[in-house]
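What follows is a single structure, written as structure tokens, with notes after it.
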Amino acid sequence: MREISPLQKERQAYKPKLAGALANGINNIKLTFGEKTEAVADKEEIKALFPHVYGEPIAKFASQGADLSASTINAGVILSGGQAPGGHNVIAGLYDALKSANPNNKLFGFLGGPSGIIDGKYMELTDEIMNKYRNTGGFDIIGSGRTKLETEEQFKKSLEVCKKLNIGAIVIIGGDDSNTNACLLAEWMKANNTGINVIGCPKTIDGDLKNDQIEISFGFDTATKTYAELIGNIQRDANSAKKYWHFIKLMGRSASHVCLEAALQTQPNITLIGEEVEAKKQSLDEIVSYMADIIARRAEMGKNFGIALIPEGLIEFIPEMKVMISSLNDLLAGLEKDAGYQNASQEEKYQIITSKLDEKSAKLFNSLPSQIKAQLLMDRDPHGNVQVSKIETEKLLIEMIKVKLKEMKAQGKYNGKFSDQAHFFGYEGRCAAPSNFDADYCYSLGYNAFALIQSGLTGYLSSIKNTTKPASEWVAGGVPLTMMMNMEKRHGEMKPVIKKALVELDGPVFKALESHREKWAMNDCYIFPGAIQYFGPSSVCDVTTMTLQLEQENKPAMV
């Protein structure tokens, strides 16, 4: 039996393209700085929490720098949070830069996420190990985890492990919460004069870790293309069988970027955007009525089939649901140690909950099917929030639409046939083999992370800009993590966190959907993207997401 597939063998041989100045070599670049920065919000609170790393300037690399390769730097790398395509290439870029700077440098991978550095579980990465994972999906090279790095005890244990391995820098590859922890660790390391620098890399398929300096989080490109292929396949089936409505929930807990990008790639009949629902203060009933109306109008045309895309976090964007869930988050945080609640039956738990909620939220909670109520009361996620991915929103909408269509039929407003299929695409995209864009982008992020380390920076996020242009025109640099932070409530307490980027309803990406929505609802304008292509013309293999193209289209050119 063969050990790897022919495609994987070819992909391992792929040589990722490096961003701009980085292509000249790790020892032939120079660092320039912009002006000092401030937090995006809650400036005084963030400054007080991060006095040693706050307010640093944006950094940018250019060609023809001084040789910085003299010293030996051992580094540690951590994969944190959920998997995203391209993580292995971030490590590969970091490894290659580190070895290119000085062959005596060593890279240690901490096993199982942040807990690895706390517990001293690690492995030294070598050519033999690294070469097996180049351009592959997944985080299995060292594993990942969701342990938070935020306590004095954790920092002290991490320091002892770093001293043992003579580590002078740590790279944390993660999303907004993971990079918030990277900033906390950087602040502690600098405050205690450890000499250990901390750099982050922007990861999340949800696409909500971005701003003017971070154009895209890695994994978003590959994941959305993977989902678009699956949606296209289902659309082809729906257009062939012509008898099912497919309700497809897509990953994206706090933002609807994945759903929006998938819609632009495939052109389904219905696309719900959580941020729009919240802005228009739409109730659950209004959403159901909107969907039922499209289903009824298509039925009049003899089309008893269609495709509806639903963002994973929709339920939290519905104002009445959002209020109830926020109350549940606070309430359940206080009931974690309540023996009476913990030992109660499910029905008794419902009664306890409703007795403590306000009248409106209690009424809404009681109106939900038992299955949804149970999902709302499942164990919290690591941030103390309801696990919305466990809530089968697509099935809730299907059941409510059935009731609505029955009412419409009784009123003579609907005379079709409604058969449903429910899908949830999440894990299917998290570990896909990275697209050429993600393979190149991630490799550059990792390579750039070491350039920041070599330049003595800490508390920065690796940044690659100008990404809709060829890689030779990409701009490498770093963004102070404190620049992205604000204060938010977590586990009932205000905490510093990187601000999530939500879908902008006045932005070009949403406007593109909005302008075509009615046409796509009534007509079968389906696009079938097909599988991600790795070999062939650049116009097919290196194309970026529509989101990135639309967002960067009207921005000034980088210099």
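Below is a table of values for the structure above.
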quantity	calculated
Residue match in the stretch 339-348 (condition: in contact (Cβ under 8 Å) with a residue 24 or more places away in the chain and surrounded by fewer than 19 Cβ atoms within 10 Å (Cβ to Cβ))	yes
Set V198, V277: member being at pLDDT 95 or above, farther than 25 Å from C431 by Cα and assigned by TED's automatic domain parsing to the domain that holds K519	V277
Selection status of A374, of a type in the set (A, V, I, L, M, F, W, C) and farther than 19 Å from V388 by Cβ	no
Lone unmet requirement of (1) closer than 30 Å to P6 by Cα; (2) assigned by TED's automatic domain parsing to the domain that holds L31; (3) small (G, A, S) for G492	(1)
Matching residues in the stretch 184-212 - criterion: being out of contact with any strand residue (DSSP E or B) (no Cβ under 7 Å at 6 or more places or on another chain), within 19 Å of S80 (Cα to Cα) and of a type in the set (A, V, I, L, M)	L184, I205
Residue within the stretch 548-556 that is without any contact (Cβ under 8 Å) to a residue 24 or more places away in the chain and not small (G, A, S) present	yes
Number of positions in the stretch 134-173 that are within 21 Å of L481 (Cα to Cα) and buried (at least 24 other Cβ atoms within 10 Å of the Cβ)	7
Whichever residue in the stretch 24-42 is among the β-branched types (V, I, T) and not in a loop (DSSP other than H, G, I, E, B) and, among such residues, is surrounded by the fewest Cβ atoms within 10 Å (Cβ to Cβ)	T32
First in the stretch 450-468 and over 19 Å from G87 (Cα atoms) and modelled with pLDDT of 95 or more, second anywhere and among the hydroxyl-bearing types (S, T, Y) and in a helix (DSSP H, G or I), Cβ under 8 Å, 6 or more apart	G459/T482
Qualifying residue in the stretch 129-149 (condition: over 28 Å from the mean Cα position of the chain (by Cα) and not acidic (D, E))	no
Number of the condition not met by K190 [criteria: (1) buried (at least 21 other Cβ atoms within 10 Å of the Cβ); (2) among the basic types (K, R); (3) not assigned by TED's automatic domain parsing to the domain that holds I310]	(1)
Pairs where the first residue, in the stretch 506-525, is in the same structural domain as N239 (by TED's automatic domain parsing) and the second is surrounded by fewer than 16 Cβ atoms within 10 Å (Cβ to Cβ), C-beta under 6 Å, 6+ apart	D524/N239
Selection count where residues are hydrophobic (A, V, I, L, M, F, W, C), under 18 Å from L230 (Cα atoms) and part of a loop (DSSP other than H, G, I, E, B), scope the stretch 508-557	5
Number of positions in the stretch 95-144 that are of a type outside the set (S, T, Y) and in a helix (DSSP H, G or I)	14
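This table checks each residue for (1) closer than 20 Å to G530 by Cα; (2) part of a helix (DSSP H, G or I).
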site	(1), (2)
W188	no, yes
I205	yes, no
L230	yes, yes
N233	yes, yes
R236	yes, yes
H246	yes, no
K249	yes, no
L264	yes, yes
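Residue by residue, here is whether (1) within 18 Å of G168 (Cα to Cα); (2) over 19 Å from the mean Cα position of the chain (by Cα); (3) surrounded by fewer than 22 Cβ atoms within 10 Å (Cβ to Cβ) holds:
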{"residue": "N448", "(1), (2), (3)": "yes, yes, no"}
{"residue": "A451", "(1), (2), (3)": "yes, yes, no"}
{"residue": "Y460", "(1), (2), (3)": "yes, no, no"}
{"residue": "S472", "(1), (2), (3)": "no, yes, yes"}
{"residue": "P480", "(1), (2), (3)": "no, yes, no"}
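The values are calculated or read from the model by the stated rules, or taken from the named source; none is laboratory data. For clarity, every value in this text was computed on a predicted model and none was experimentally measured. Cβ coordinates were reconstructed from backbone atoms using ideal geometry, including for glycine residues, and neighbour counts include every protein chain displayed.
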